[in-house]
């Protein structure tokens, strides 16, 4: 079982309805992402730290 800590809203969420939280599990070295609206009830997507870092780097460099 993961033990995510430090849940916080993404700084890129823009304050609207479609937001995500991210938390970190130091014992597993993983990052969890969940729907802000559902918080504790939301399913959590689990990423390894390296996968999350690569994802964020790619999002920052990709034009939409």
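I'd like to know if region 29-50 contains one or more residues that are exposed (fewer than 15 other Cβ atoms within 10 Å of the Cβ), modelled with pLDDT of 90 or more, assigned to a helix (DSSP H, G or I) and over 10 Å from the mean Cα position of the chain (by Cα).
yes
Each row is one residue, and each column tells you yes or no for (1) modelled with pLDDT under 90; (2) outside any loop (DSSP other than H, G, I, E, B); (3) in contact with a strand residue (DSSP E or B) (Cβ under 6 Å, 6 or more places away or on another chain); (4) surrounded by 13 or more Cβ atoms within 10 Å (Cβ to Cβ).
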| residue | (1), (2), (3), (4) |
| --- | --- |
| 16 | yes, no, no, no |
| 23 | no, yes, yes, yes |
| 53 | no, yes, no, no |
| 64 | yes, no, no, no |
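The values are calculated or read from the model by the stated rules, or taken from the named source; none is laboratory data. All of these numbers come straight from a predicted model, not from anything done at the bench. Please note: Cβ atoms are built from the backbone with ideal geometry, for glycine as well, and neighbour counts cover all protein chains shown.
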